[in-house]
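Only one structure is covered here, and it is reproduced in the block below.
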Amino acid sequence: MAAAVVASTARWVRVRAGVVEAARLRCQLGGSRFGRLFLLPSAAGDVAQRRHVAHFTFHPDPENRKYGQTQKMNLFQSITSALDNSLAKDPTAVIFGEDVAFGGVFRCTVGLRDKYGKDRVFNTPLCEQGIVGFGIGVAVNGATAIAEIQFADYIFPAFDQIVNEAAKYRYRSGDLFNCGGLTIRAPWGCVGHGALYHSQCPEAFFAHCPGIKIVVPRSPFQAKGLLLSCIEDKNPCIFFEPKILYRAAVEQVPVEPYYIPLSQAEVLQEGSDVTLVAWGTQVHVIREVASMAREKLGVSCEVIDLKTILPWDIDTVCKSVAKTGRLMISHEAPLTGGFASEISSTVQEECFLNLEAPISRVCGYDTPFPHIFETFYIPDKWKCYDALRKMINY
Amino acid sequence: AGRVLLAARNFANDASFDIKKCDVHRLEDEPPTTAVLTREEGLKYYKIMQTVRRMELKADQLYKQKIIRGFCHLYDGQEACCVGLEAGINPTDHVITAYRAHGFTYTRGLPVREILAELTGRRGGCAKGKGGSMHMYAKNFYGGNGIVGAQGQIFETYNMAALWKLPCIFICENNRYGMGTSVERAAASTDYYKRGDFIPGIRVDGMDVLCVREATKFAAAYCRSGKGPMLMELQTYRYHGHSMSDPGVSYRTREEIQEVRSKSDPIMLLKDRMVNNNLASIEELKEIDVEVRKEIEDAAQFATADPEPPLEELGNHIYCREPPFEVRGANQWIKYKSVS
């Protein structure tokens, strides 16, 4: 029996996920023959041929007309737009990294080299510590450096440069020098087939380092505004881009530059019973959990997108927990030492007497990010829903 | 002063010296084997080298008195390197070095009192007392850096510099020991000037300020002409141990140090040259010594008496231009406001 699929032009497409599923779905976008998003074989009982389906549904935000004319863009196109705006506005801005010249492995820099020249958009040798080290030098000399690390998993050779050099430059020189003009971009997070070294979320490693800022957007509109803010910000910033959203997330995004402030969390949905906090792709998972909770349990959830991991918006989260009394934080990164532990620790310090239940963290397991077990590993909506139920019934 | 003026008329204006030939790697030309030193230059180099020497010895003294704490890597013995280098480049060129940085900090223009105050961690220091020995900065001088991460990075840097033909001179001050390990025991090849492989290199006598100057001029001209980077190995020696916690004699003999001091001391070499070629008199140079000693004493006084930076400074300059936020102190009831 085929479940009905609601498809409408330029709105969200809903796909039912699940390992044991009797229904077969085919979806079409706008009635076009070429609009199939997730193709599933129509032969009955053919589980082996099923292609992996995403664990989340992307929820685009309503179109924001405050910043002028908008255009339909997916995540990588919104990044390209932000970079284009930056290079146009700032004559000292340069973009560099592995393979960025032809457009990048995720198409984030397509067309920029042709438009701005090979002196401003160029490839580096395969050397992450060199990319960041070079970026620090560019920034110290007053130019704007936008460095790309091809996958967040590869950022570790540059860890020393980021933590020991970039983060401390201003402090150790008594404000004589700084590398605030540096922004590092890296694709981040699970993608369905990434396995150990193409799926990691390393924000917790860097959260331990004062002097840098870490930002993770949830959508194309957010990404462009936040990336432009990172580039403008006079501190070294790391901008993690959820790679699974590069094509899957489509929204109307303003063509002109606009800025979304850093260190400000956003309450996406107000609620009174429990606070849910996440960032990046996971925001869409908890949004779905919130609607499940409303339907099945009659529970009203307040959904918060943290956006900036460091320095994080303590006030918004604590105010919310003071109101609801329950907090669940969810992220793909492993549980132990993940950023949820920092949030949890601070919230229990600030809101101890408001808490009705222990703070719940729904995260990845303490294992390397698995290949074949990805579906079991990630904190999907069922795990989140289960944790929420336990919190409500505490 | 009048006496000096009278005496000056009897001196030669300049003299020409033979300097040691440099070994070269992948180069057709070489730096010259003669150098001209004017009286004025000679006096200047002498004064600067003597200042660095006395400054380092004063730092040693202050460290032993526990007025300087933390890390301290002294530069005495290697003065010809920083002075010769500065003589071969322009003030608008950029210099960056590793932790043995006090000499370069001075030659790049910072006064002794700011250097010593930085070592003692006072607010008059060049990094407001927050950087310390290893993190001194000045205009066109980017420190002063620790080197734990710099392992293997140098080869990646050689690659990028050669690929993009960057006008960069890579300098190795080879003082024969890496901390406590002699170069023969640490390096498969001790011909460091050849280790740039595709990058041309020269090996220079680092105890002779003229040799360093001529080699630097040669290397700078090469880089400025757009031919790409170059490597310069300066063969030099440090009298102190690696840092203040290293006596410096467990991996080398006192005789060795004495030998270098008596035969190749850079300040002594310059002095002998100038006196023997009638560029200056011994009395004149002694007067310079007295001047330098006084300057260092005054600077040490300042460094000892200057107040430490206020505790509020602890949280400053972590980020730029944030609305001031609070940084937790040693316990949860102490908070510092971070201001940028």
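Stretched out straight at 0.36 nm per residue, the stretch from residue B:333 to residue B:176 would grow longer than its current Cα-Cα span by 51.5 nm. Enumerate the residues in the stretch A:100-126 having an amide nitrogen under 18 Å from the point lying 7 Å beyond the Cα of residue A:89 toward its Cβ. Hits in the stretch A:100-126 for residue A:89 at 18 Å: A:116.
Its DSSP H runs of at least 4 residues, each contributing -39,500 (n - 2.57), put the calculated 222 nm mean residue ellipticity of chain A at -8500 deg cm²/dmol, to the nearest 500. Of interest is the spacing of the C-alpha centroids, which for the stretch B:257-317 and the stretch B:106-183 amounts to 20 Å. Of the complete DSSP H runs in chain B, those spanning 18 angstrom or more by Cα along the long axis with a mean Kyte-Doolittle score not below 0.0 are B:209-222. Put simply, the stretch A:266-393 fits an ellipsoid with semi-axes of 21, 17, 13 Å; these come from the alpha carbon gyration tensor as the roots of five times its eigenvalues, largest first. In this simple spin-label model, placing a label point 7 Å from the Cα along the Cα-to-Cβ direction at both residue A:71 and residue A:247 gives a separation of 2.0 nm. The mean count of C-beta atoms from other chains within 10 Å of the C-beta of residues in A:206-218, rounded to a whole number, is 1. Annotation: Cα Rg of the stretch B:23-309 relative to the compact-globule expectation 2.2 N^0.38 Å equals 0.99. In terms of packing, defined here as the mean over residues of other Cβ atoms within 10 angstrom, the peptides B:242-252, A:175-185 line up highest first as A:175-185, B:242-252. Heavy-atom accessible surface of the protein assembly as shown, averaged per residue, reaches 45 Å², computed with a 1.4 Å probe. Taking the empirical scaling 2.2 N^0.38 Å for compact globular proteins as reference, the protein assembly as shown has a Cα radius of gyration ratio of 1.16. Over chain A, Cα pairs under 8 Å with separation of 6+ residues give a relative contact order of 15 percent. For the chain pair A and B, buried accessible area totals roughly 2500 Å², probe 1.4 Å, rounded to the nearest 100.
Can you send over the carbon and sulfur percentage of the accessible area for the protein assembly as shown, probe radius 1.4 Å, protein chains only? The nonpolar share, carbon plus sulfur, comes to 53 percent.
Inter-chain Cβ neighbour count for A:124-137, averaged per residue, equals 3 (cutoff 10 Å, partner chain atoms only).
Among A:62, A:187, A:379, the largest mean-square fluctuation in a Gaussian network model of chain A (Cα springs under 10 Å) belongs to A:62. Among A:331, B:94, the sequence by solvent-accessible area, most first, with a 1.4 Å probe is B:94, A:331. With 50 Å² as the minimum drop in accessible area between chain alone and full protein complex (1.4 Å probe), the qualifying residues in the stretch A:167-193 are A:170, A:171, A:172, A:174, A:177. Per-residue accessible area (protein heavy atoms, 1.4 Å probe) orders B:179, B:230, B:268 as B:179, B:268, B:230, starting from the largest.
Label zone of residue B:326 (point 7 Å out along Cα→Cβ, amide N under 13 Å): in the stretch A:335-350 this covers A:350.
Between residue B:298 and residue A:389, the modelled label-to-label distance comes to 8.1 nm, taking each label 7 Å out from Cα in the direction of the beta carbon. Solvent-accessible surface (1.4 Å probe) assigned to residue A:365 amounts to roughly 110 Å². Taking GluC sites (Glu not before Pro) across the stretch A:211-268, none is in a DSSP loop with at most 12 further Cβ atoms lying within 10 angstrom of its Cβ. Here residue B:302 sits with roughly 50 square angstrom of accessible surface, probe radius 1.4 Å. In this structure residue B:18 has an accessible area near 120 Å², from a 1.4 Å probe over the protein heavy atoms.
At a threshold of 20 Å², the residues of the stretch B:89-127 that become less accessible to a 1.4 Å probe in the full protein assembly than in their chain on its own are B:127.
For the pair the stretch B:34-90 and the stretch A:59-100, the centres of their Cα atoms are 52 angstrom apart. According to the square roots a ≥ b ≥ c of the eigenvalues of the Cα gyration tensor, what is the shape class of the stretch A:325-394, taking rounded for a/c under 1.5, prolate for a/b larger than b/c otherwise, and oblate for the remainder? Verdict is oblate for the stretch A:325-394. Ranking of A:382, B:164 by solvent-accessible surface, largest first: A:382, B:164 (1.4 Å probe, protein heavy atoms only, all chains present).
Of the complete DSSP H runs in chain A, none spans 30 angstrom or more by Cα along the long axis with a mean Kyte-Doolittle score not below 0.0. Its Cα centre serving as origin, chain B has a Cβ charge dipole (Lys and Arg +1, Asp and Glu -1) of approximately 640 debye. Put the Cα centre of the stretch A:112-153 next to the Cα centre of the stretch B:202-234 and the gap is 29 Å.
The values are calculated or read from the model by the stated rules, or taken from the named source; none is laboratory data. Keep in mind that what you see is a predicted model, and the values were worked out from it rather than measured. Glycine gets a Cβ as well: all are built from the backbone with ideal geometry, and neighbour counts include every protein chain shown. Ligands, DNA and RNA are excluded from the accessible area calculation, which covers all protein heavy atoms including side chains. Shrake-Rupley method; radii C 1.70, N 1.55, O 1.52, S 1.80 Å.
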